[in-house]
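Heads up: the structure comes next, in structure tokens.
Please treat every number below as a calculation from the coordinates, not as lab data. Computed from a prediction, not measured in an experiment: that's the story for all the values here. Cβ sites come from the backbone with ideal geometry, for glycine too, and all protein chains shown count toward neighbours.
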Amino acid sequence: MYNVNVCALSEHWLRTYQLHVLDSIDNNYICIAKGTDERNPELLTCKGRSGVAFLISKDIYPFTSLIEVNSDRIIGIEVNIPNSEKYRSPVQADDISLIATNHESAREIVSICEQYCESWSFSFSPAKSKLLQFSKKLIGPDIFLYNEPIVPVKSATHVGISLDTSMKTMDRTLKACRTLRATTASVIRSGIHPAVLNPKVCAKIIRQVCYPKALYGCEIWGKLSKTETLMLERTHHYVCKFHSRIA
């Protein structure tokens, strides 16, 4: 590692008060980092797929400045060494999604990404890239990234959210209901119990811990069927009764 001036870390899962751990990795490096709670420090839980950092060699740290980026998943630095060029290096902690309304627009957006990568000296992985087309059939020629075709798939997971081109959502809703039930029971059994804590405090913890975990990504779920709505309502009633019965 001693031949490396800058080491990038992504998805380190550390909160802000834990970032000092990165400074203990190597005494020859200084850490510049963002925690998983960078934008929401008041939350009891944070999404694991976030947190970015640079380990910068002490030799070039005096010539390094932070680039302000309004995101908890992206961090950037500028290295301005005397008598040399400026070097900029952004690190992205998670995946990138490109949304287009037609095939031609998708090709243009991918082309823009290639140009952006060239400007900032990083690249995407064609092998890990996937194409989801929410229509009855694929229309148009293949979309290429670095002269390699992006493989069309029927389903994929993006930042922990399952996407399916068939628009079938029952499995997703069923998983959310199961997660909410299981997480609530786990929290209660871990000691966060209405018999020990104020019931209002216990209910607030369940609301801030269990529901975000179960309903993660619900903002893009779209329209639910009557059956799915009923499933979620019954699960919510179960959680309320479970808490009230114990209290």
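Filter the cross-link list LYS168/LYS213; LYS128/LYS175; LYS130/LYS226 down to pairs whose alpha-carbon distance in this structure exceeds 30 Å.
Over 30 Å Cα-Cα: LYS130/LYS226.
Kindly provide the chymotrypsin sites (Phe, Trp or Tyr not before Pro) of the range 1-33 that DSSP labels as loop, not H, G, I, E or B, and whose Cβ sees at most 10 other Cβ atoms within 10 Å.
TYR2
Considering only DSSP beta bridges where both residues belong to the range 121-243, give the percentage that are antiparallel (nearest 5).
About 75 percent, rounded to the nearest 5.
Using the alpha carbons of the range 170-246, what is the convex hull volume per residue in cubic angstrom, as a whole number?
77 Å³
Please compute the net charge surrounding GLY222, taking Lys and Arg as +1 and Asp and Glu as -1 over other residues with Cβ under 11 Å from its Cβ.
Working: positive: ARG172, LYS223; negative: GLU219, GLU228.
After counting each charged neighbour, the total is 0.
With charges set only on the Cβ (+1 for Lys and Arg, -1 for Asp and Glu), what does the dipole of the range 166-206 come to about its Cα centre, in debye to the nearest 20? Can you show the working numbers first?
On the way: 8 positive and 1 negative charges, 20 e Å.
Computed about the Cα centre, the dipole is about 100 debye.
List the residues whose amide H sits under 5 Å from the amide H of ILE143, counting only those 5 or more places along or on another chain, with H placed 1.01 Å from N in the peptide plane.
Amide H neighbours of ILE143, under 5 Å, 5+ apart: ILE150.
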